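Participant: Next up is a structure, given as structure tokens.
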Amino acid sequence: MDIDQNLIARIASEVMARVQKEASTGSGGMGIFATIDEAVEAARLAQKQLRKLTIEKREVLITAMRDAAYKDAAILAEMAVNESGMGRVADKILKNQLAARKTPGTEDLETEAWSGDKGLTLIERGPFGVIGAITPTTNPSETVINNGIGMIAAGNSVVFSPHPTAKNTSLKTIRILNEAIIGAGGPANLLTAVAEPSLEATNAMMAHPHINMLVATGGPAVVRAVMSSGKKAIGAGAGNPPAIVDETANIERAARDIIAGCSFDNNLPCIAEKEVITVGSIADRLISYMQKYGGYLISGQDIDRLVKVILTENVEMAASGCTEKPKRTYAVNKKFVGKDAKYILKQIGIDVPDDIRVVICETSADHPFVLEELMMPVLPIIQVNNVDEAIALGVSVEHGNRHTAVMHSQNVDNLTRFAKAVETTIFVKNAPSFAGIGVGGEGFTTFTIAGPTGEGLTSPRSFTRQRRCVLVDALSVV
Ligand code: NAD
């Protein structure tokens, strides 16, 4: 899909003009404020009003949010790609639509009950209050839609801390959702943020006494920050998902699915395949099918050239002297995160047609392409002797994130052994990774996958407190 630059520029300048006006005059109910104190206070008042509404009315507001987000899915997708310079518009449209349609609502808040001789005891799920939600640059509208629906379904309001590099997209999403809520007769400012998101603003938000719960979707630093905040925190952190292919797999299908999953939104999703581990006997066929489905194979010096482009290297000399080998560490060059395979290949002098979706290359298991979370369509492939070695390596390169892993195999024992060993929140068998968040697979969606704190695929119930209500000697009819 072509991006209409004029349209994007017009939307961005309109949003900024409105944001600046509202920041100086009050938000007009659309949630954007000059200071954290104002954003938290407005969200606190909005949550009190939400609490007075029936669950049925809450569902009306959520339906309006879903419809608005679905309707503006394309505008938000184009804005995100334009502003952050990452990802693919067509895929981001799908992700926005997915968040709008497949995020669970109030039906997720199931009550538990015990009844018997002593009466009736209920466990109900009540809201936390005001949630501080920190969102990533990689999913700047999707996470706001998904967290917004889920947190409001649970009876909360939300103060968002968007990533500064995608702030206009996140703020626009907040406005769209607030507008929908108000249009459906709900309170103003259920979702708020500051007009100029920054690390300082996020820290002030996290420390604010009226923020009752924190939810961080991002890399290790922000997950650590919320977990050490002293507040109830949900941390949805980084992944490095391996995809194993054993000799029993449907090899063509495995190749097709891996390319589809790896290239989705140019590999930005935390769940996307980041390295392939294949049993050696089928490697050639797998690679040849990957080429058929949009993989472009590079080797030798081209790999070395690509290392220099997409990674920055830091060499540390051992403190004790010159006999020890220097320690090399790598960091991902952010300029290439979420870029098209064609663009990345161009940097090393290779021109390819537009239908090339992923750069593939054979590497050793300790190559930085394997060990770093690249978040771009560059996919290393490692050959091993057998499935036991594949499983051991898959566990090792997942780095204990316990996030996502994929396996292509027709052998139930092999699938079970890897799933048990890798202990990931999401384990996808014989499909692209995105099946794990409800695309072409059963189940609801989320854009906040909380491995470190254990909530798993978050949904409205993740944003609730359990409350027990006991009535003795009555209301049991048995
Ligand atoms: P990031 O960690 O740089 O930023 C995420 C958010 O945290 C941003 O709003 C940022 O401003 C804030 N932040 C970063 N460091 C902080 C700190 N020390 N204190 C307070 N706030 C801080 O990540 P990103 O580049 O925006 O997103 C990509 C990362 O997020 C990847 O590692 C990806 O795997 C992960 N991710 C995880 C999930 C999940 O559900 N588990 C979903 C999407 C992205």
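Participant: Select, from Phe418, Phe463, the only residue that is surrounded by 23 or more Cβ atoms within 10 Å (Cβ to Cβ), more than 25 Å from Glu372 (Cβ to Cβ), more than 15 Å from the chain's Cα centre (by Cα) and modelled with pLDDT of 95 or more.
Facilitator: Values: Phe418 fails: more than 25 Å from Glu372 (Cβ to Cβ).
Within the list Phe418, Phe463, the selection yields Phe463.
Participant: Please determine whether any residue of the range 390-405 is in a strand (DSSP E or B), within 16 Å of the ligand (Cβ to nearest atom), more than 23 Å from Thr453 (Cβ to Cβ) and of a type in the set (Val, Ile, Thr).
Facilitator: Filtering the range 390-405 for residues in a strand (DSSP E or B) gives 404-405.
Narrowing the set further to residues that are within 16 Å of the ligand (Cβ to nearest atom) leaves 404-405.
Checking which are more than 23 Å from Thr453 (Cβ to Cβ) leaves us with none.
Scanning the range 390-405, I find no residue that is in a strand (DSSP E or B), within 16 Å of the ligand (Cβ to nearest atom), more than 23 Å from Thr453 (Cβ to Cβ) and of a type in the set (Val, Ile, Thr), so the answer is no.
Participant: What residue, of Gly436, Gly443, Gly451, is within 16 Å of the ligand (Cβ to nearest atom) and surrounded by fewer than 17 Cβ atoms within 10 Å (Cβ to Cβ)?
Facilitator: Details: Gly436 fails: surrounded by fewer than 17 Cβ atoms within 10 Å (Cβ to Cβ); Gly451 fails: surrounded by fewer than 17 Cβ atoms within 10 Å (Cβ to Cβ).
Result of the check over Gly436, Gly443, Gly451: Gly443.
Participant: Of everything in the range 393-415, what is within 28 Å of Pro368 (Cβ to Cβ) and of a type in the set (Val, Ile, Thr)? Give them in sequence order.
Facilitator: Across the range 393-415, the qualifying residues are Val395, Val397, Thr404, Val406.
Participant: Here's a follow-up. Consider Ile149 carefully, then state whether it is part of a helix (DSSP H, G or I), crowded, with 22+ Cβ neighbours inside 10 Å and either within 15 Å of the ligand (Cβ to nearest atom) or modelled with pLDDT of 95 or more (or both). Break it down into steps so the answer makes sense when it comes.
Facilitator: Numbers: part of a helix (DSSP H, G or I): yes; crowded, with 22+ Cβ neighbours inside 10 Å: yes; either within 15 Å of the ligand (Cβ to nearest atom) or modelled with pLDDT of 95 or more (or both): yes.
For Ile149, the condition - part of a helix (DSSP H, G or I), crowded, with 22+ Cβ neighbours inside 10 Å and either within 15 Å of the ligand (Cβ to nearest atom) or modelled with pLDDT of 95 or more (or both) - is met.
Participant: If you scan the range 152-166, which residues turn out to be in a helix (DSSP H, G or I) and either of a type in the set (Gly, Ala, Ser) or surrounded by fewer than 24 Cβ atoms within 10 Å (Cβ to Cβ) (or both)?
Facilitator: Once the filter is applied, which keeps residues that are in a helix (DSSP H, G or I) and either of a type in the set (Gly, Ala, Ser) or surrounded by fewer than 24 Cβ atoms within 10 Å (Cβ to Cβ) (or both), the range 152-166 yields Ala153, Pro164, Thr165, Ala166.
Participant: Yes or no: the range 101-108 includes at least one residue that is within 16 Å of the ligand (Cβ to nearest atom), β-branched (Val, Ile, Thr) and within 19 Å of Ile449 (Cα to Cα).
Facilitator: Checking the range 101-108: at least one residue is within 16 Å of the ligand (Cβ to nearest atom), β-branched (Val, Ile, Thr) and within 19 Å of Ile449 (Cα to Cα).
Participant: Residue check, Ser364 against (1) away from the ligand (no atom under 16 Å from the Cβ); (2) surrounded by 13 or more Cβ atoms within 10 Å (Cβ to Cβ); (3) of a type in the set (S, T, N, Q), all met but one. Which one?
Facilitator: For Ser364, the failing item is (2).
Participant: Exactly one condition in (1) modelled with pLDDT under 95; (2) closer than 13 Å to Leu190 by Cβ is not met by Lys48; state its number.
Facilitator: Result: Lys48 passes all but (1).
Participant: Which residue is farthest from the ligand (Cβ to nearest atom), if the candidates are limited to the range 113-144 and must be surrounded by fewer than 18 Cβ atoms within 10 Å (Cβ to Cβ) and among the charged types (D, E, K, R)?
Facilitator: Asp117
Participant: So how many residues does the range 388-414 have that are in contact with a strand residue (DSSP E or B) (Cβ under 6 Å, 6 or more places away or on another chain) and either of a type in the set (Val, Ile, Thr) or on the phi > 0 side of the Ramachandran plot (or both)?
Facilitator: Qualifying residue count for the region: 3.
Participant: Residues to consider are Tyr343, Tyr330, Tyr296, Tyr289; find the one that is touching a residue at least 40 places away in the same chain (Cβ under 8 Å), hydroxyl-bearing (Ser, Thr, Tyr) and either exposed (fewer than 15 other Cβ atoms within 10 Å of the Cβ) or away from the ligand (no atom under 16 Å from the Cβ) (or both).
Facilitator: Going through Tyr343, Tyr330, Tyr296, Tyr289 in turn, just one is touching a residue at least 40 places away in the same chain (Cβ under 8 Å), hydroxyl-bearing (Ser, Thr, Tyr) and either exposed (fewer than 15 other Cβ atoms within 10 Å of the Cβ) or away from the ligand (no atom under 16 Å from the Cβ) (or both): Tyr296.
Participant: Look through Ile174, Ile181, Ile244, Ile234 and report the one residue that is in contact with an Asp or Glu (Cβ under 8 Å, 6 or more places away or on another chain) and at negative phi.
Facilitator: Numbers: Ile174 fails: in contact with an Asp or Glu (Cβ under 8 Å, 6 or more places away or on another chain); Ile181 fails: in contact with an Asp or Glu (Cβ under 8 Å, 6 or more places away or on another chain); Ile244 fails: in contact with an Asp or Glu (Cβ under 8 Å, 6 or more places away or on another chain).
Exactly one of Ile174, Ile181, Ile244, Ile234 is in contact with an Asp or Glu (Cβ under 8 Å, 6 or more places away or on another chain) and at negative phi, namely Ile234.
Participant: Restricting to the range 167-204, what's the tally of residues that are aliphatic (A, V, I, L, M), within 15 Å of the ligand (Cβ to nearest atom) and crowded, with 23+ Cβ neighbours inside 10 Å?
Facilitator: 4
Participant: Let me ask you something else. Restricting attention to the range 250-285, which residues are surrounded by fewer than 24 Cβ atoms within 10 Å (Cβ to Cβ) and in contact with a strand residue (DSSP E or B) (Cβ under 6 Å, 6 or more places away or on another chain)?
Facilitator: Matches in the range 250-285: Gly280, Ala283.
Participant: Among the residues in the range 237-244, are any more than 30 Å from Asn411 (Cα to Cα) and either in a loop (DSSP other than H, G, I, E, B) or free of Cβ contacts under 8 Å to residues at least 40 places away in the same chain (or both)?
Facilitator: Within the range 237-244 (the criterion being more than 30 Å from Asn411 (Cα to Cα) and either in a loop (DSSP other than H, G, I, E, B) or free of Cβ contacts under 8 Å to residues at least 40 places away in the same chain (or both)), the answer is yes, since at least one residue qualifies.
Participant: Here is a further query. Among the numbered criteria (1) modelled with pLDDT of 95 or more; (2) over 30 Å from the mean Cα position of the chain (by Cα), which one does Ala255 miss?
Facilitator: Evaluating Ala255 over (1) modelled with pLDDT of 95 or more; (2) over 30 Å from the mean Cα position of the chain (by Cα) leaves (2) as the failure.
Participant: Here's a follow-up. Would a scan of the range 207-229 turn up a residue that is within 13 Å of the ligand (Cβ to nearest atom), under 22 Å from Ile437 (Cα atoms), free of Cβ contacts under 8 Å to residues at least 60 places away in the same chain and in a helix (DSSP H, G or I)?
Facilitator: Scanning the range 207-229, I find at least one residue that is within 13 Å of the ligand (Cβ to nearest atom), under 22 Å from Ile437 (Cα atoms), free of Cβ contacts under 8 Å to residues at least 60 places away in the same chain and in a helix (DSSP H, G or I), so the answer is yes.
The values are calculated or read from the model by the stated rules, or taken from the named source; none is laboratory data. What you see is a predicted model; the values in this text were computed from it and never measured. Cβ atoms come from the backbone with ideal geometry, glycine included; neighbour counts cover every protein chain shown.
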